[in-house]
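J.: Okay, handing you the structure first.
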Amino acid sequence: MTQPARTAQSLYTQVDITSNAMPVAQPVNGTMVQQNQLLHDILAALDRQNEMMEELIGHVSAGQRQRAVELGQWKEANPRLAKSCRVASEALAKVQTEFLTTLTDEVTENPEVLMDGEFMLNEFIDRYGPRLAHLNGVLQVLAQLGSAPSPAASSS
């Protein structure tokens, strides 16, 4: 099936730029009015959503700023402990690296055992899972307490 060739005239419409009056759209069975109302409703919903997002960002950032200030105050009140936390987190990071090396070596050496046997997979998870989770938690706390004070927290 071939489509009829379009003429250049059918692709373009004329626009009257000499008239000062705004053209009035004639609704066709009310569809234009419905479309305009729908677009207006969508715009209002988007405006409300933007307001809510700005409010949410304000609440979240206020909490983060407060925590940063409190952490900075703690570090100023306990400089030796903060330094000890930094040293401990660096040492524990090396332990974590060694632990992850052991874990990945076991997985790469015995993947078929872990895939075939549910008992062996459970044993693997029981052996490494809790230790890894706790090690990560302790490391995260030490790293946060031992981190250098941020300029934003000290200037507030």
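The values are calculated or read from the model by the stated rules, or taken from the named source; none is laboratory data. All values derive from a computational prediction rather than experimental measurement. Glycine also receives a Cβ, built like all others from the backbone with ideal geometry; neighbour counts cover every protein chain displayed.
J.: State yes or no: is MET52 modelled with pLDDT of 95 or more and in a helix (DSSP H, G or I)?
T.: Considered against the rule, which asks whether it is modelled with pLDDT of 95 or more and in a helix (DSSP H, G or I), MET52 comes out as yes.
J.: Moving on to the next point. Tell me whether the stretch 75-85 contains one or more residues that are exposed (fewer than 12 other Cβ atoms within 10 Å of the Cβ), of a type in the set (A, V, I, L, M, F, W, C) and at pLDDT below 90.
T.: No, the stretch 75-85 has no match at all.
J.: In addition: Do the conditions hold for ALA93, that is, is it surrounded by fewer than 10 Cβ atoms within 10 Å (Cβ to Cβ) and either touching a residue at least 40 places away in the same chain (Cβ under 8 Å) or not hydroxyl-bearing (Ser, Thr, Tyr) (or both)?
T.: no
Each row is one residue, and each column tells you yes or no for (1) under 30 Å from the mean Cα position of the chain (by Cα); (2) surrounded by 11 or more Cβ atoms within 10 Å (Cβ to Cβ); (3) modelled with pLDDT of 95 or more.
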| site | (1), (2), (3) |
| --- | --- |
| THR108 | no, no, no |
| LEU114 | no, yes, no |
| LEU121 | no, yes, no |
| ALA153 | yes, yes, no |
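J.: Please list, ordered by first then second residue, the pairs with beta carbon atoms under 8 Å, 6 or more apart or interchain, first in the stretch 76-87 and closer than 9 Å to LEU145 by Cα, second assigned to a helix (DSSP H, G or I) and aromatic (Phe, Trp, Tyr).
T.: Listed by first residue and then by second, the contacts come to ALA82/TRP74.
J.: Quick one: count up the residues across the stretch 2-49 that are at pLDDT 90 or above and assigned to a loop (DSSP other than H, G, I, E, B).
T.: Adding up the residues that qualify gives 0.
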